[in-house]
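Colleague: One structure, as structure tokens, below. Some questions next.
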Amino acid sequence: MKLRELAERLGCRLEGNGDVDILRVAGVDQAGPGDVTFVSNPKYRSHLATTRASAAILGPASADDPPAPCAVLRSDEPYVAFAHAVRLFARPNPPPKGIDSLSAIAAGAIIGPDASIGPFVCIGAGASVGARAIIYPSVVIGPGARIGDDCILHAGVSIRDGVVIGDRVTVLDGAVIGSDGFGFATQRDGTHIKIPQHADVVIEDDVEIGANTTIDRPAVGETRIHAGTKIDNLVQIGHGVSVGRRALLAAQVGIAGSTVVEDDVMLGGQVGVTGHVRIGKGAMASAKTGITGNVDAGTLVSGYPSLPNREWRKSQVIVRHLPDLKKRVAELEQRIAELEEKLAECRTSDR
Amino acid sequence: MKLRELAERLQCRLEGDGDLEILRVASIQHAQPGDLTFAAQPKYDADLARTRASAVILGPNARTDARCAVLRTEDPWAAFARALTVFAQVTPPARGIDRLSSIASDAAVGAEVSIGPFVTIGTGASIGARTIVYPNVVIGPGASIGDDCTVHAHVSIRERVVIGHRVILHDGVVIGSDGFGFARKADGSHLKIPQHAAVVIEDDVEIGANAAIDRPPVGETRIKAGTKIDNLVHIAHGVSIGRRVLLAAQAGIAGSTVIGDDVMLAGQCGVNDHVRIGAGVRVGAKSAVLQSVGDGEFVTGHPAIDHGEWRKASAIFRRLPSIRKRVDDHERRLAALEEQLADARTRSR
């Protein structure tokens, strides 16, 4: 593709030779002639000077940018333009349409037009799979579950009975949606009797769910992931949790039961959230934060137990000075003792 | 079902109109007329006052402004569990062995089992009566599974693993994978220590989705009766977990550690290897237990310390900037005092 055409398709302003042929997208350090690369993170701005790429997608020009040794595609949102560029040059290899003869589809199940159902897939009675959905090998879809149009379920995914999944949802390999919530009634003798977990799980449109992530179903009510939310690998969503729209949950996050995560929340890796709390709209938590109570909308929290980030940072910088602080308190104590002694001496000599 | 009959079946005392018709169980916020709900935490008192449910299950001392009927019980959670069982509409998969499964000719399969499509059962393995095995499960050679178990889709049970009766394994669970054991050689490479010893899961254990339980090179990994394990938990080789233990999601337990009976680990806890957690111990969320913990203790933090101490220390963490400022102030004031005293002494001489 000519660079001129690429610029048009990405909605970028072209600076340089529009006749260059672009063959693929590559990282700034690996790129060679024929490649388009991108720099959106300021960390990599200095790498631009040495790139061998034919063109680079860059944000609005700034004075401290090094001169680019190649053509430039200017964009207000370089990372978004990069995403579109990758999509343009991607050579996806979709599995063939149709139902593999080695799958087990219950008689009452409904498979939409142009769907692809791989080998060893099981689809239960009364379940439905939408148009153009791709169901990779070994996926199990329980009775009565509903999968929308244009969904992609990667290998080994489990969708339990009655789970409802919207359109354009991607579920990566090994994820489990609709497993029983962890709910037991402990008897006086210490044994735990199971509280049956048969209520609803709803995954709305345009959600992505990472590999081996688990999303539990509750005893009553519902677990719901709202539209446009993206969830990373190995995340645990407890029973009855509601995750808002466009939320981002990084890898190994855990959210305990009945907690409400509002729209546009971002949780860093390994964040844990206790049960029955509310994380306000647009709130963020840095990696490994342990959230033990409600979080106000728009705030950034850190640490365990979690604190507003500014407060946490002010305390955290002191942690490394604690040995020094302890030494200073010991010195103070010693000097006070000496002072008291001298004062006593003065008093005695005054008499 | 009439509320009167339901009260009897749940062994609750009825306060209100026993002729009400109950159709289902619902959460306190979503309940409609015809629903039974429950409230075991004071947190939900306000919701209770507003609920549209026809009846609510309450503990012996819970007061309520709710206008609905009340089912009184000593143990509202247990009554709630029974109510859900009464109204559950779950159709178990059909009995029999799916023709698309692959079962070794010498595997022993009990009466009235349900074996789904694409299940593989190895040579010499055995499956107990009435056990349900969902699609795509793999059961290795010589593994043994008891009666009335439920094995959800994609579970891997490796060779010779022993599983008791009434065990529930959720989707993607792996039992009997190799423990993480390597001998570091002089050249820095890691030589695999073969991990072929036993894994035993006793009766009435439940294991959450995508949890992994490793096997050791020698000895055994054992989960004792009545223990419940949540999703994404990791249990390393040679670990012994006691009876009636609760392990919340994403907990990890390193090799050869012994967990006593009735222990509760909250979410995302880590426990060091070769330590002993006493009976009835509670561990707060996200804790790292580095050393052995005595019976009945409640520990939290990284490293885990007494929970009360941890709470106090956490409160002080917030005040560190002000504490440092106070130390600065004290140093200044003390220096001034020392100077004054020196002056006074010079003058008095």
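Nothing in this text is a laboratory measurement; each read-out follows from the coordinates by a stated rule. None of the values given here were measured: they were computed from a predicted structure. Reconstructed Cβ throughout: ideal geometry from the backbone, glycine too, with neighbour counts over all protein chains shown.
Colleague: Cα axis of helix B:320-348 to longest principal axis of chain B: angle in degrees, 0 to 90, nearest 10?
Modeller: It is inclined by approximately 20 degrees.
Colleague: Something else about it: Kindly put B:14, A:325 in sequence by how many other C-beta atoms sit within 10 Å of each C-beta, fewest to most.
Modeller: Ordered from fewest to most neighbouring Cβ atoms within 10 Å, B:14, A:325 come out as A:325, B:14.
Colleague: Figure the gain on full extension for residue B:29 and residue B:344 (residue separation times 0.36 nm, minus the Cα-Cα span) and round it to one decimal in nm.
Modeller: 106.0 nm
Colleague: Using only the Cα atoms of chain A, build the gyration tensor, take square roots of its eigenvalues as a ≥ b ≥ c, and label the shape rounded, prolate or oblate: rounded if a/c is under 1.5, else prolate if a/b is larger than b/c, else oblate.
Modeller: Oblate is the answer for chain A, as a/c is 1.5 or above yet b/c matches or exceeds a/b.
Colleague: What distance in nm separates the simple spin-label points at residue A:88 and residue A:5, each placed 7 Å from Cα in the Cβ direction?
Modeller: 1.0
Colleague: Considering only A:294, A:93, A:309, give the residue with the highest GNM mean-square fluctuation for chain A, with springs between Cα atoms whenever their separation is below 10 Å.
Modeller: Among A:294, A:93, A:309, the largest mean-square fluctuation in the Gaussian network model of chain A belongs to A:93.
Colleague: Straight-line reach from residue A:230: which lysines have a Cα under 30 Å away, not including same-chain ones fewer than 8 places off?
Modeller: Leaving aside lysines fewer than 8 places away in the same chain, those within reach of residue A:230 are A:43, A:97, A:281, A:288, B:228, B:286.
Colleague: State the antiparallel share, in %, of DSSP beta bridges confined to chain B, rounding to the nearest 5.
Modeller: For chain B, the DSSP antiparallel bridge percentage is about 10.
Colleague: Something else about it: Kindly identify the protein assembly as shown as rounded, prolate or oblate by the Cα gyration tensor criterion: order the square roots of the eigenvalues as a ≥ b ≥ c, call it rounded if a/c is under 1.5, otherwise compare a/b with b/c, prolate if a/b is larger, else oblate.
Modeller: Because a/c hits 1.5 or more and a/b fails to exceed b/c, the protein assembly as shown counts as oblate.
Colleague: Next question. Give the calculated FRET efficiency between residue A:330 and residue A:187 to the nearest 0.05, with a Förster radius of 60 Å applied to their Cβ-Cβ distance.
Modeller: 0.70
Colleague: Which aspartates and glutamates, if any, have their Cα less than 17 Å from the Cα of residue A:327, not counting same-chain residues under 8 positions apart?
Modeller: A:338, B:328, B:329, B:331
Colleague: Another question about this same structure. In a GNM of chain B with a 10 Å cut-off on Cα contacts, which of B:220, B:202, B:331 has the highest mean-square fluctuation?
Modeller: Checking each option, the largest mean-square fluctuation is seen for B:331.
Colleague: Given H placed on each backbone N at 1.01 Å, which residues far from residue A:209 in sequence or on other chains put an amide H within less than 5 Å of it?
Modeller: A:170, A:171, A:172, A:231
Colleague: For the stretch A:225-299, rounded, prolate or oblate, judged on the Cα gyration tensor with a ≥ b ≥ c (square roots of eigenvalues), a/c < 1.5 rounded, else prolate if a/b > b/c?
Modeller: Since a/c stays below 1.5, the shape of the stretch A:225-299 is classed as rounded.
Colleague: Counting DSSP beta bridges with both partners in the protein assembly as shown, what percentage is antiparallel, nearest 5?
Modeller: 10
Colleague: Determine, for B:56, A:25, A:329, B:283, the number of other Cβ atoms within 10 Å of each Cβ, and report the residues in order from fewest to most.
Modeller: Ordered from fewest to most neighbouring Cβ atoms within 10 Å, B:56, A:25, A:329, B:283 come out as A:329, A:25, B:56, B:283.
Colleague: While we're on this one: Exactly which trypsin sites (Lys or Arg not before Pro) in the stretch B:184-271 are in a DSSP loop and have at most 16 other Cβ atoms within 10 Å?
Modeller: Sparse-neighbourhood loop trypsin sites (Lys or Arg not before Pro): B:185.
Colleague: What angle do you read, to the nearest 10 degrees and between 0 and 90, between the alpha-carbon axis of helix B:76-87 and the longest principal axis of chain B?
Modeller: For helix B:76-87, the angle is close to 30 degrees.
Colleague: Additional query: How many nm separate the modelled label positions at residue B:45 and residue B:276, each set 7 Å beyond the Cα in the direction of the Cβ?
Modeller: So the label points at residue B:45 and residue B:276 sit 4.5 nm apart.
Colleague: Roughly what % of DSSP beta bridges within the stretch A:116-253 run antiparallel, to the nearest 5?
Modeller: 10
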